[in-house]
Amino acid sequence: MKDENNLKEKKFKRNVILILIIVSILAISIIFIIANNETGINFNKEEYKESFIGKDIVNPDRIVYRDKTGEYYEFKQGEEDYNTLKALIGNSITKFNVTGEEFITDEKIDEIHSKSFIEFDYKKASKNYLIQLETNDNQAVIKLADTGGNVVTKKLENINKIKKTLKTLTKNKNPQKLEYKELVSKNYLEYLEYKYEQLFKSENFKIHQVKIDNFSDYDKFTYVCNIAVDEEITEETFKENVIILTVSSVPKIDVKVNLGNIKYTYSRDEAYYGNKVHLLVVSRLVNTDCIYNTDLSEIESKIDYDNMKVEYNNSVSNIDKEVFVTNYDEFLEEYKKSNSEITQTEAEEIAEKGFEEAERICGGYEKSTQTVKKTTELANNFFSSNIDQGPVTYSDKIEVYAFTRVDDMDLNGVTIYVDTKLGKIIGGAAFGD
């Protein structure tokens with residue numbers, strides 16, 4: 001009986017030791033996992049070779065982190081820290097909606113850019129991805145677009161781990177600032193000489209642009225563009241900055257500088273003539289390989305043309321049909337039947353209405369230059385044609401009073417034809433430059 005009790009006691013002790021060993025192993029494992037989550041990175045080094053972050057995001061050319069104080073840290077492809085972040089963030093994106101779950105406005109994007117974030121930046125090939133670090137519950141990863149962006153991932157896993165990792169990776173890394181200033185040359189530039197245009201990238205015949213990354217090149221362009229600015233540009237300027245030089249005959253220039261691109265918008269300013277020479281001194285941190293130029297003057301010109309076209313055609317539609325011939329066949333039939341004849345004085349009063357109408361077509365001329373002669377002319381649609389219609393000249397000779405007014409040099413002018421029978425304006429003609 002004693003031997004049996006001893007056997008049970010030994011078995012009990014053995015089970016207790018086994019349990020303690022298992023508990024110890026579990027405790028050590030938990031401590032290791034916690035420690036790893038706090039300070040380490042869980043990733044497969046083979047992912048370094050992958051061309052995607054997760055399954056859907058193409059590897060960026062660089063990863064940029066902005067901390068809460070507004071300082072920026074850059075991680076470039078090929079660096080170990082880049083690979084660390086790439087793997088960690090890739091493992092943290094568990095759900096990805098390619099088409100986007102929600103649209104984010106430019107205003108919201110600007111707000112995010114004013115706080116702490118990570119941005120995947122591409123030189124030219126793709127749109128950037130923006131990761132919020134301060135508010136990460138509903139709009140975690142945003143794919144930027146030409147305007148605004150689309151939420152592709154609502155929530156990131158391991159957000160605290162990402163923040164702690166960034167703190168560790170940036171501890172011994174030099175921060176950068178995103179800064180820029182705009183300068184405009186005080187000197188007038190009438191035009192950019194043709195031989196120098198090849199030095200620029202021409203957006204169109206009105207806008208020419210070049211990136212300058214050293215003082216020697218800048219010195220050359222000061223001569224080419226007759227540059228004179230209030231702030232001194234030296235070799236020191238180019239240590240942390242580049243200059244985007246823009247020569248534009250569309251002089252109102254608005255610039256928006258983002259981390260991943262620069263957006264220029266051009267519009268007209270009637271008070272300015274010649275070319276504006278605009279300098280953007282911008283941090284090398286900014287992706288100056290990605291510049292967007294939008295020339296609103298093209299749109300403005302089209303709008304002006306469309307408005308003018310509508311206004312012109314409305315004027316034609318509302319022309320006084322008692323004075324101007326708008327239906328030639330009806331006029332000709334009535335003209336042939338008539339035996340009436342108006343006086344030159346009566347014709348002159350009618351012609352005055354023609355000169356008033358002619359101002360919308362070819363401008364006005366002084367009455368003091370007016371001459372008149374009685375002649376025969378072919379009727380035309382000078383006053384009755386819409387802006388998209390071509391000139392029409394009819395084949396019947398009509399007897400008319402031809403009233404002509406000219407400019408001071410007798411080079412430009414307009415003639416109004418008033419028929420001698422019915423007193424109708426059958427057409428007109430502008431001449432000169």
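Looking only at the range 59-75, residues that are touching a Phe, Trp or Tyr at 6+ places or on another chain (Cβ under 9 Å) and basic (Lys, Arg) come to 2 in all. Hey, among the residues in the range 77-104 that are assigned to a helix (DSSP H, G or I) and of a type in the set (A, V, I, L, M, F, W, C), which one's surrounded by the fewest Cβ atoms within 10 Å (Cβ to Cβ)? It comes out as 88.
Taken over the range 57-72, the criterion of being free of Cβ contacts under 8 Å to residues at least 40 places away in the same chain and among the hydroxyl-bearing types (Ser, Thr, Tyr) is satisfied by 69 alone. Taking first residues from the range 287-309 that are under 19 Å from residue 259 (Cα atoms) and partners that are modelled with pLDDT under 90 and assigned to a strand (DSSP E or B), the Cβ contacts under 7 Å between residues at least 6 apart in sequence or on separate chains come to 293/203. In summary, strands (runs of 3 or more DSSP E) completely within the range 198-282 and bearing 3 or more residues that are under 26 Å from residue 61 (Cα atoms) occur at 207-212, 241-248, 252-257, 262-267.
In the range 243-261 there is at least one residue matching the filter, namely being over 19 Å from the mean Cα position of the chain (by Cα) and not aromatic (Phe, Trp, Tyr).
For residue 74, are the conditions met, namely being at pLDDT 90 or above and assigned to a strand (DSSP E or B)? Yes: the conditions hold for residue 74.
Selection of the range 337-365 for residues being of a type in the set (D, E, K, R) and under 19 Å from residue 401 (Cβ atoms) yields 341, 346, 348, 349, 352, 353, 356, 357.
Results for (1) closer than 22 Å to residue 259 by Cα; (2) touching a residue at least 24 places away in the same chain (Cβ under 8 Å); (3) buried (at least 16 other Cβ atoms within 10 Å of the Cβ), shown as yes or no for each residue.
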site: 128; (1), (2), (3): yes, yes, yes
site: 131; (1), (2), (3): yes, yes, yes
site: 149; (1), (2), (3): yes, yes, yes
site: 158; (1), (2), (3): no, yes, yes
site: 164; (1), (2), (3): no, yes, no
site: 183; (1), (2), (3): yes, yes, yes
site: 190; (1), (2), (3): no, yes, no
site: 208; (1), (2), (3): no, yes, yes
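Taking the range 354-374 as the range and being surrounded by fewer than 18 Cβ atoms within 10 Å (Cβ to Cβ) and closer than 19 Å to residue 328 by Cβ as the test, only 361 passes.
Of everything listed in (1) more than 19 Å from residue 284 (Cα to Cα); (2) surrounded by 15 or more Cβ atoms within 10 Å (Cβ to Cβ), the single unmet condition for residue 74 is (1). Since residue 372 meets every condition but one in (1) closer than 15 Å to residue 419 by Cα; (2) modelled with pLDDT under 95, which condition does it not meet? Every condition holds for residue 372 apart from (2).
Can you confirm whether residue 288 is surrounded by fewer than 17 Cβ atoms within 10 Å (Cβ to Cβ), in a loop (DSSP other than H, G, I, E, B) and of a type in the set (Val, Ile, Thr)? No, not satisfied. Are any residues in the range 52-96 closer than 19 Å to residue 135 by Cα and among the charged types (D, E, K, R), and if so, which ones? Across the range 52-96, the qualifying residues are 66, 67, 68, 71, 95.
The values are calculated or read from the model by the stated rules, or taken from the named source; none is laboratory data. Since we're looking at a predicted model, the values are computed, not measured. All Cβ positions, glycine included, derive from the backbone under ideal geometry; neighbour counts span all protein chains shown.
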